[in-house]
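The values are calculated or read from the model by the stated rules, or taken from the named source; none is laboratory data. Everything numeric here is computed off the predicted structure, so don't read it as measured data. Cβ: placed from backbone, ideal geometry, glycine included. Neighbour counts: every protein chain shown.
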Amino acid sequence: MSEFGDIFSNTWAFALVVLFFGGSIFVHELGHFLAARMRGLKVLRFSIGFGPRIFSWRGRDGCEYILSLLPLGGYVALPQLADLGAIEGGGADDTKNLPKASCADKVIVSAAGAFFNLLFAALLSVIIWKVGITKNSALETNVVGFVPEFITDVHGKKFKSPAKAAGILEGDKILSIDGRPVKNFQQIIELIAIGSGRNSDGSPSADIEIERNGKPKSVRLSPVLVKTNLSTGDEIRMIGISPAMPMVVGELLENSPAKAAGIQTGDAVAEIDGIKLFSNAQLGAYLDSLEDGAKTHVGVVRNGKKILIPVVPRRVALTKSLALVEAPDGDGSVSFLVSNMGNPDSKNGVLKVFSVKRGAAAFEKFSVGDALYEVNGKPIDSLESLNTIINGTSKSSRPRLAMSGRNSQIYDASLPLGSASKIELPKTKAMLGYMLNPAVTVVHPSPLEQFEESIVRTYNALSSLANPQSDVGIKSLAGPVDIGRVIYNLSMTDFILVLSFAVLLNVNLAILNMLPIPVLDGGHILFALLEWLRGKPLPPSFFAAVQGAFSILLLSLMAFVVYYGFMRWSGDSRLEAEGAMDSEYYLKDITF
């Protein structure tokens, strides 16, 4: 039954990708088509997609309607505007006897695609306005909730937090980034990521205006470039802060210090030992700094009254144990955990690779999630048995591991000479023992607010892409693969989130297509206005050369972003595999 549910969910998600991604392209081309018909222009072809045709038919109006294999765009062939038959996949049609299109015809028809995208976005925005959209309450604030010591990238590399180094504190309200006002944490994250500030040594910089204790303060810090994808090496600027969050107790764990001390469901956790709290991460860092057995005083707000409650935190296990196999002189390592189908009390099961530190060539074979079955021909079902066999192997022999990788591919791996194994004990954390209520809220942004946000985000992205001082490059562009994945993932969460992304997508398409670049709609308008100012058509050879050159550039760019889209997908898949291992490593049921 669950398999049927998964199939239905995946089919539904795929249908939404087709509906909103393909639909946005269809709406754009429909605008050109209807405007051309209204202006009495000849329409030769109406195609959704490029490349090989899936199917086509010719209507009574003489127009050929095409659905093509590659959903990378679409076109309406209008020979009176521009004959792009060779580029668009059509043949050479005899259009010599057609009347010339006026400047008004060209401008109206070219602008109609973007206009229809905006109409579609407006319709979707009205639905969101009426129904409401669920958002993370924490991301709706501009108050800092936690400043960690370090930032960690996808490879596990740690960077010192720039925000910590610059003296930003929990409770600071961020007012602007590089002179641009911010209202919420999503804007803060995006403006840091696309920033273009540079220090004298060329490293990234950001000027941040904060408010502390009611007084404004300016801070200059140096964001670090953090890798976010295992395959593409994508990097974005980060400063190491997380948002403040509501801290209302939703559930108390059995036998926990919080329950024993008298903390109740519905209490709002406000402070600890006189320190004002802004997030659970801040609280966790403070508890970990205490000595075992130290008494704390937690301030909660209950029925509008502040109550101080003495609590002694307790250190509990958060993870399973690991077996760490290391090469001599620290030249690489691989760690294993026991995968026992959700039974953390069992010491036996299938051992899987939890992490790999590259070094010696032998470690290049391992990938996170690979299963270990035998060492030196002996079955392995526990960390202890692995430990015993590895450490019992002669120093003149290489331990031989029988592994199963992705898609159940069997492979053998030999560890470096002198490899040794040790058991790493579970990680522990000092905790009070409660769960917070989900920090979500339903908002009803007006269509105008949604359009303003989409326009600002599109403008910021384009200006950052065009600025050589930023760290945003061509490979950061989101292509059809990335857009499809976003729609697919959002559809698995909330249908309204898909509508919200479709608003952004259509506003984005409208703006991009109106840029004055040959081949795009804005380029057609530019040429039409130039012809109007000249009082005569542009030379056909000039027009063909420019259109042909930019068509090649556009197709090359599309191929590039599609390639990186698949690479990014591969990297994210690898990260998801590691995330799956994290879910096995960290205990789901914390016991006190």
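Residue by residue, here is whether (1) within 26 Å of TYR75 (Cβ to Cβ); (2) out of contact with any Gly (no Cβ under 8 Å at 6 or more places or on another chain); (3) in the same structural domain as LEU253 (by TED's automatic domain parsing); (4) among the acidic types (Asp, Glu) holds:
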{"position": "SER500", "(1), (2), (3), (4)": "no, yes, no, no"}
{"position": "ASN508", "(1), (2), (3), (4)": "yes, yes, no, no"}
{"position": "SER541", "(1), (2), (3), (4)": "yes, yes, no, no"}
{"position": "SER551", "(1), (2), (3), (4)": "yes, yes, no, no"}
{"position": "ALA577", "(1), (2), (3), (4)": "no, no, no, no"}
Kindly list the number of the only condition in (1) more than 30 Å from PHE542 (Cβ to Cβ); (2) out of contact with any strand residue (DSSP E or B) (no Cβ under 7 Å at 6 or more places or on another chain); (3) not aliphatic (A, V, I, L, M) that fails for SER500.
(2)
Checking the condition over 28 Å from SER102 (Cα atoms) and either modelled with pLDDT under 80 or crowded, with 21+ Cβ neighbours inside 10 Å (or both), which residue from PHE20, PHE46, PHE55 passes?
PHE20
Surrounded by 17 or more Cβ atoms within 10 Å (Cβ to Cβ) and in a loop (DSSP other than H, G, I, E, B), is that true of GLY156?
no
Counting residues that are among the basic types (Lys, Arg), which strands (runs of 3 or more DSSP E) fully inside region 306-409 reach at least 3?
none
Is it fair to say GLU251 is part of a strand (DSSP E or B) and loosely packed, with under 15 Cβ neighbours inside 10 Å?
yes
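Could we say that LEU225 is touching a residue at least 24 places away in the same chain (Cβ under 8 Å), in a strand (DSSP E or B), out of contact with any Phe, Trp or Tyr (no Cβ under 6 Å at 6 or more places or on another chain) and closer than 30 Å to HIS155 by Cα here?
Considered against the rule, which asks whether it is touching a residue at least 24 places away in the same chain (Cβ under 8 Å), in a strand (DSSP E or B), out of contact with any Phe, Trp or Tyr (no Cβ under 6 Å at 6 or more places or on another chain) and closer than 30 Å to HIS155 by Cα, LEU225 comes out as yes.
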Can you tell me which condition SER556 does not meet? The list is (1) free of Cβ contacts under 8 Å to residues at least 12 places away in the same chain; (2) in contact with a Ser or Thr (Cβ under 6 Å, 6 or more places away or on another chain), and all the others hold.
(2)
Does any residue of region 449-458 turn out to be in contact (Cβ under 8 Å) with a residue 24 or more places away in the chain and exposed (fewer than 15 other Cβ atoms within 10 Å of the Cβ)?
no
Out of all the residues in region 215-248, which are buried (at least 18 other Cβ atoms within 10 Å of the Cβ), farther than 28 Å from LEU477 by Cβ and of a type in the set (Gly, Ala, Ser)?
ALA244
